[in-house]
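**Student:** There's a structure below that I have some questions on.
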């Protein structure tokens with residue numbers, strides 16, 4: 001029996017000059033990172049600094065399925081993140097993939 005595919009999101013944030021660390025620190029202080037990690041259906045929620053850019057921040061999210069992601073975007077912490085983006089970001093690029101779960 002085939003298992004249901006997980007949903008992988010690569011979210012690349014391009015921050016305003018000099019705002020990358022401030023943006024990530026603010027998200028951490030607000031609890032966005034920890035609250036997202038604790039949501040039902042969340043398998044991974046980690047931020048990374050790309051080596052070739054001082055203004056980008058990569059968020060790698062893995063959700064059990066589309067339904068888990070749909071619940072995530074309804075949370076207060078997700079909505080708060082959306083409301084502060086204009087203060088810190090120039091662009092957000094989201095890549096979405098369906099992947100087989102790791103065994």
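**Student:** What's the total number of residues in segment 24-49 that are free of Cβ contacts under 8 Å to residues at least 24 places away in the same chain and under 23 Å from residue 87 (Cβ atoms)? Even if it seems obvious, please write down each step before you answer.
**Tutor:** The initial filter retains those residues of segment 24-49 that are free of Cβ contacts under 8 Å to residues at least 24 places away in the same chain, namely 25, 28-29, 33-34, 37-38, 44-48.
Retained after the next criterion (residues that are under 23 Å from residue 87 (Cβ atoms)): 25, 28-29, 33-34, 45-48.
Residues that pass the stated criteria total 9.
**Student:** Right, another one. All but one of (1) surrounded by 15 or more Cβ atoms within 10 Å (Cβ to Cβ); (2) modelled with pLDDT of 95 or more hold for residue 40; state the number of the condition that does not hold.
**Tutor:** Status for residue 40: all satisfied but (1).
**Student:** Just for segment 67-89: of the residues that are surrounded by 14 or more Cβ atoms within 10 Å (Cβ to Cβ) and out of contact with any helix residue (DSSP H, G or I) (no Cβ under 8 Å at 6 or more places or on another chain), which one is nearest to residue 27 (Cα to Cα)?
**Tutor:** Initial filter on segment 67-89 (surrounded by 14 or more Cβ atoms within 10 Å (Cβ to Cβ)): 68-69, 71-72, 75, 77-78, 80-81, 84-85, 88-89.
Checking which are out of contact with any helix residue (DSSP H, G or I) (no Cβ under 8 Å at 6 or more places or on another chain) leaves us with 68-69, 71, 85.
Working: 68: 21, 69: 19, 71: 19, 85: 10 Å.
In this case the residue turns out to be 85.
**Student:** Sort out which residues of segment 63-79 are in contact (Cβ under 8 Å) with a residue 12 or more places away in the chain, in a helix (DSSP H, G or I) and either over 17 Å from residue 11 (Cα atoms) or touching a strand residue (DSSP E or B) at 6+ places or on another chain (Cβ under 9 Å) (or both), and write them in order of number. Full working, then the answer.
**Tutor:** So the first thing to find is which residues in segment 63-79 are in contact (Cβ under 8 Å) with a residue 12 or more places away in the chain, and the list is 63-69, 71-72, 75, 77-78.
If we keep only those that are in a helix (DSSP H, G or I) as well, we get 66-69, 71-72, 77-78.
Across segment 63-79, the qualifying residues are 66, 67, 68, 69, 71, 72.
The values are calculated or read from the model by the stated rules, or taken from the named source; none is laboratory data. Computed from a prediction, not measured in an experiment: that's the story for all the values here. Quick reminder, even Gly has a Cβ in these numbers, built from the backbone with ideal geometry, and neighbours come from all protein chains shown.
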